[in-house]
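The values are calculated or read from the model by the stated rules, or taken from the named source; none is laboratory data. Predicted model only: the values in this text are computed from it and were never measured. Virtual Cβ from ideal backbone geometry, glycine too; neighbours counted across all protein chains shown.
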Amino acid sequence: MASATATTRPDRPHDLRAFLSSRITRTIFFFNFFGLAILILGVLLLTEMRAGLTEAQFRNLRTQGELITNLLIETGTVEGDPYPYVNEPAVRAVLRRILPPIAEGQRPGVGRPRVRMFGADSRLIADSDVIYDRLEERPLPDVGQQPSIGESIERVTQRLEYLRITPWRPTVTLEEEHRRAMQGEIVRGERLNEKGERVVSVTLPLRRVQQVMGTVTIESADVERILVAERASMIPFVIGASIAIFLSSVLLALSIARPLRRLAGAADSLRLTGATRLSLPDISRRKDEIGALGHSLEQMTGALADRIDANERFAADVSHEIKNPLASIQSAVTSAQNAKSPEQQQQMLAIVAQDVHRLDRLITDIARASRIEAETARGDLGRVDVGALLFELARAYAPDDRNAVNVIFKGPKPEGLFVVGQAGPLGQVFRNLIDNARSFSPPEGRVVVSIEAARGKDGPVIRALVEDEGPGIPPENLETIFERFYTQRPKGAAFGGNSGLGLSIARQIVTAHRGRIYAQNIERAGAPRAGARFVVELPPAGEAPRH
């Protein structure tokens, strides 16, 4: 029913399960987090690599620095009187022997450490970058030649570090390293050199016996090359993550946004063109929420179209049924005007009164049918004890005279027979069936009412039976009796006393409750039709509605 979704609030665990089982939700989370996972994995790997390489370079520089310091102590210092001193020419000669000259095209500090020795007064004694008295020569690029990706990244990195835009800051200055090393401490640090390059360095004391005569600083700019290489190696990860995110965005646009736009366009077209049915088979065949939405819209528009068609047929039937008594009234009034005797006039007036009563009954039943349809569509659903409802309804039909038909409930008062629906419309169904059965039963006959939990063709049902002792129903009319305005009354029944809407209303209400109603003939030995039986089957509360 249309009001079921508005009045039934699902619990939160059900919402969570539905959210986690959604195919679109899984697709969105998978693709977006897949791209993010690629980027995070790359960052974690590169961060760990950088930390490991930097630590390894510190150890390497310390080892080299210790070797150079020991060599300088043996060959670059002199046991003086009263104090030892540094032989500066010997120190430069030692550095020339142990450090080869810079190769052609090689940048100072890259691929080979830079060694500097400072005296106790912080004066620079020797520098491996200038001991060969060479000028660095770098050819200019050709006109129009574009730098490589690595060179571009390196330039941007150097510029950012020069401007201190990056969050990195020096751990210790060169002066601080020298001061601490003069106190006998081995100091390591990271900083920017005079060229704006990031270097790692180790400063060791130059100690002869117990006297510190200077410091030796060994530093390397290879960390710059390492960082540039790391940033260049991140490019594939960034490109991969970007491609994954782009593909997920395209997928979302194609699988969600585009079908939703099509559904919105189809709904607008339906409104503007006056069509009554929506058909998008390529969307409704999808196995996700978009397909379910398309299928629901198709079913909704189909149900609305069926209701419009039913209303048109109902209006046509009402018009036809009203025309018959109006034509009879018009004919009777004309005949009464032309009557020559009071007896003929009275006879015509009796026909008019009978047709007016027929019209009144017809209009009342039409209004009742419309009201019940509206109540069924808009009413709130709840648990209805249909067993107790039918039991009390049968007890209310007490015979009013000796020839009245007895309504008997078969068995004790039932318990636990609950359905999801509305008590008012369901009571109207059983009243219509009992009234119909009484009208076909002979005087002092019986109408037997019963209800039970049974097994239907589509699963468990609650089955209610209303049986009479009348003439039964012709086999060819077992289905047509539920049509609007169909009447087939027993002999002697008053003309116009029934509108033919009772069983039609009953079927309409039962169908709205996801049940079914049908008629059967009661067969006994020697009597092929010993009465009629009306069967109402409703899904029990807690069972999924049948479609």
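Yes/no matrix, rows are residues, columns are (1) surrounded by 16 or more Cβ atoms within 10 Å (Cβ to Cβ); (2) in contact with a strand residue (DSSP E or B) (Cβ under 8 Å, 6 or more places away or on another chain):
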position	(1), (2)
T173	no, yes
E177	yes, yes
V187	yes, yes
R198	yes, yes
R207	yes, yes
I218	yes, yes
A232	no, no
L247	no, no
R261	no, no
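Go through (1) on the phi < 0 side of the Ramachandran plot; (2) modelled with pLDDT under 85 and name the single condition G109 misses.
Among (1) on the phi < 0 side of the Ramachandran plot; (2) modelled with pLDDT under 85, G109 violates only (1).
Could you tell me which of the residues L251, L192 is in contact with a helix residue (DSSP H, G or I) (Cβ under 9 Å, 6 or more places away or on another chain) and surrounded by 16 or more Cβ atoms within 10 Å (Cβ to Cβ)?
Only one candidate passes the filter, namely L192.
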